[in-house]
1. Using alpha-carbon pairs under 8 Å, 6+ residues apart, how would you state the relative contact order of the stretch 44-184 in percent?
2. If you take the Cα atoms of the chain, find Rg, then find the Kirkwood Rh from the mean of 1/r over all pairs, what is Rg/Rh?
3. Using the 10 angstrom Cβ neighbour count as an exposure proxy, how do 90, 6, 138, 188 rank, fewest first?
4. Expressed as an acute angle from 0 to 90° and rounded to the nearest 10, what is the orientation of the C-alpha long axis of helix 65-82 relative to the principal long axis of the chain?
5. Test of understanding: ordering 58, 50 by Cβ neighbours within 10 Å, fewest first, what list do you get?
6. Calculate the length of the line joining the C-alpha centroid of the stretch 10-55 to that of the stretch 126-188, in whole Å.
7. Taking Rh as the Kirkwood radius, which is the inverse of the mean 1/r over Cα pairs, what is the Rg/Rh value for the stretch 1-76?
8. Order these by the 10 Å Cβ neighbour count, fewest first: 153, 96.
């Protein structure tokens, strides 16, 4: 009898890193978010509940150049890691928006259509302000879950990340995710973004 071999297929990556010297960056981002909120106090209604959602073109503002540069640098590393052929194209930020969750504010489970990667950068994250969670994208796996002796990355149906100020997450846009309610007395502030192909002529 041959030796039992295991191969893990169809894995779903989530990339996490901390932005160096994020304090100064966050100060400038908070100023532009406050300005945008004064211009449009109602904001947009998307997946967010009991919060505020800016317009989706913040990446065109000069105050976000440093953040966009960080996103570009990290996604370039991801492309190299994934061994994608980007000879005639590159990834660019297509839209970018700020979200403020007030007390009890949360985001419904959703994904991001017509994008390759999505991500979020955390500007203000008080304790208890709500984790972001991701759901196993394979619906067939949910049909019958056997009893488990131990839960790990290959058996869990959901994974959560506790947001930290200065942390960024990047993930496939098709991955379903949501945000838990903000149970703190302070606001939770983040900037999210989507990336698409841009073909080089």
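1. On the way: 213 pairs, mean separation 46.9, N = 141.
Relative contact order here is 33 percent.
2. Numbers: Rg = 18.4 Å, Rh = 18.3 Å.
Ratio of gyration radius to Kirkwood radius for the chain: 1.00.
3. Working: 90 15, 6 5, 138 11, 188 25.
Ranking 90, 6, 138, 188 by Cβ neighbours within 10 Å, fewest first, gives 6, 138, 90, 188.
4. Long axis of 65-82 versus the principal axis of the chain: about 10 degrees.
5. Numbers: 58 23, 50 13.
Fewest-to-most ranking of 58, 50: 50, 58.
6. What the calculation gives is 18 Å, centre to centre.
7. Values: Rg = 19.7 Å, Rh = 16.1 Å.
For the stretch 1-76, the value is 1.23.
8. Details: 153 9, 96 24.
With the fewest neighbours first, 153, 96 line up as 153, 96.
A short reminder: the numbers here are calculations on the coordinates, not readings from a lab. Remember, it's a predicted structure, so these values are computed and weren't measured experimentally. Here Cβ is always computed from backbone atoms with ideal geometry, including for glycine, and neighbour counts include all displayed protein chains.
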